[in-house]
Amino acid sequence: MGKAVRKCSIALIAGMAIGAMVFCGSSIGCHMLSGGRVYAAEKGTDSRGYAEKPEHYIPLHIPLDDYTVGLGESLWGISESMLGDGRRWEEIAVLNGLSAPYPLHPGQNLSMPDKIFYMQKPASQRGEGYYLTDEGAFRFQDPGVGELGPCSLDSRLSIFMEEDSSARVLWGIEDNEMGEDAWAKNWDSVCRSMEQTARTVFKDNLKDIFFEKYKLEDGKEVYNICCSFWDEKGEGWTVSAAYRFGKKNLVEFIGIGPARHGPDMGKLTLYTAATYEEYEEERHMGYGERDGTVYRGMSVWDYPWLHNPFVLAYECVNDRNWFQKKELETAEEDYAIQWREPVLPAVIKEALDIEGDIMYSDVLKIEGLEVIEAVRFDYCNINGERFDTDWKDIPNGNALIQDISMCENLYSLRVQIGDVSDFSPLGELERLEELKIQAGRTVKNLFFLDKLNNLRICILEKASQQTYVDSLSDKLWEQTCEEEGLSSFRKEYDGEPGLAFEYFDFRGRTVGHE
């Protein structure tokens, strides 16, 4: 049996006006795995604002490791450097059982209280009754400016869509199958896994990435990721993600925007995740689904209940699909392809501007392919570029399918060739995500689909050309063959009509055949 692909909703707010966000306290600590900081919290009015009006702020706690005292240090200095506020020295003293005159000596280990990062609420959320009256709803809000838009779980997302999509927030709410505070005990391994995914997706275009885990006042955790990268044109972008794992729901907020919005996008997703409140009713947010196609890049992502933020960001800013390509590690792995028919290699040479032999490294450059025979026109589309061709020169459709199977980096394939009885070589295209076959000959074996673990969309159907051929009398069929050049669609195959498949449309469901 094949792999199950799960459908889920993800909603989009596009074209948001991103403004300055206000945070109080010193810059936060982070779990940095590479490079420098993507953003730091702005230094604001310290914790006095929170002490005076705590209802205006959301405290985020960051656990700290033990601190080793250096020569000549004081509790005030340690508190100021590690906690951002020297006045918290008494907390350190109490936590470590120190009393006046609070002696310290070099090498002494001190347990540290949580660092507290104060996030100021928007004016519209300050004071009692700030929260939405619709149970389970939330707002995307800029803490320094105001709300961007309320969102009820059963509201339609079209009200948030605008023309400009340079800055956007994607969000998803699902039943929590990962467990409450799912990453509390393995956050370090989560960070390593996510950094590896980011490196796989962005490669040399990855600039920086950092991670942070916060505790809220109720002890629940918020997990935050921020990554900066360059698109294929060399322009800078940021993707940030914040996650909550509650008793009932898991929520994810993914912000994508130009580098100049990096701090704002990161704080926006973090703020929304921190203020989200669970509710007891069943989740009924179903808008934003796109036939199961929103779960992208799962082959390099260890968390099947969450979206891959790096692949979503890559596809958003580059306007193209991402998939894990096969690459040659050494030149010695390359070799000249031996073809079974002459038409496809001729088109590949023209498309890729190749003189001489087509090498294995050449066919790895092919990501999208269409081979189409139709009345009055044949064509082949390679990587989005169309070439007129003539498929009558192929010995049979099976030979063409075998040649197509050499293109191991294909993620999208459409085949409309009549006399193919064996599609099993396509099972070698393990990176294939989209497959459409319009056949003319009866195909009995579909087990090759079980090998395509990344397949998201698969449509198998009888070609309209075969229906047209079947409708003709024998005399008209002979005339059509001569005048229109149809060669692979026939009246009969092995003495039987061209029945092809029953219509089959697989989109995000389990692939599998008895």
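For this structure, a couple of remarks:
To keep it simple, each residue is scored yes or no on (1) surrounded by fewer than 17 Cβ atoms within 10 Å (Cβ to Cβ); (2) assigned to a loop (DSSP other than H, G, I, E, B); (3) not hydroxyl-bearing (Ser, Thr, Tyr).
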| residue | (1), (2), (3) |
| --- | --- |
| Arg414 | yes, no, yes |
| Ile437 | no, no, yes |
| Val443 | no, yes, yes |
| Gln465 | no, no, yes |
| Glu478 | yes, no, yes |
| Ser487 | no, yes, no |
| Arg490 | no, yes, yes |
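- Note on the stretch 55-148: enclosed strands (runs of 3 or more DSSP E) holding 2 or more residues that are modelled with pLDDT under 55 are 138-142.
- Hits in the stretch 367-389 - residues which are hydrophobic (A, V, I, L, M, F, W, C), in contact (Cβ under 8 Å) with a residue 40 or more places away in the chain and surrounded by 20 or more Cβ atoms within 10 Å (Cβ to Cβ): Leu369, Val371
- Counting only residues that are among the charged types (D, E, K, R) and at pLDDT 85 or above, the stretch 269-317 holds 2 of them.
- Residue count for the stretch 342-366 satisfying the condition of being without any contact (Cβ under 8 Å) to a residue 40 or more places away in the chain and in a loop (DSSP other than H, G, I, E, B): 6.
- Gly234 assigned to a strand (DSSP E or B), surrounded by fewer than 24 Cβ atoms within 10 Å (Cβ to Cβ), assigned by TED's automatic domain parsing to the domain that holds Ala313 and small (Gly, Ala, Ser): no
- Some residue of the stretch 401-412 being more than 30 Å from Glu333 (Cβ to Cβ), assigned to a helix (DSSP H, G or I), out of contact with any Cys (no Cβ under 9 Å at 6 or more places or on another chain) and touching a residue at least 40 places away in the same chain (Cβ under 8 Å): no
- Some residue of the stretch 164-180 being modelled with pLDDT under 50, out of contact with any helix residue (DSSP H, G or I) (no Cβ under 6 Å at 6 or more places or on another chain) and either over 28 Å from Ser74 (Cα atoms) or of a type outside the set (Lys, Arg) (or both): yes
- Residue count for the stretch 416-435, restricted to those that are within 28 Å of Lys392 (Cβ to Cβ) and assigned to a loop (DSSP other than H, G, I, E, B): 9
The values are calculated or read from the model by the stated rules, or taken from the named source; none is laboratory data. Since this is a predicted model, take the numbers as computed values, not measurements. Ideal geometry is used to build each Cβ from the backbone, glycine not excepted, and the neighbour counts take in all protein chains shown.
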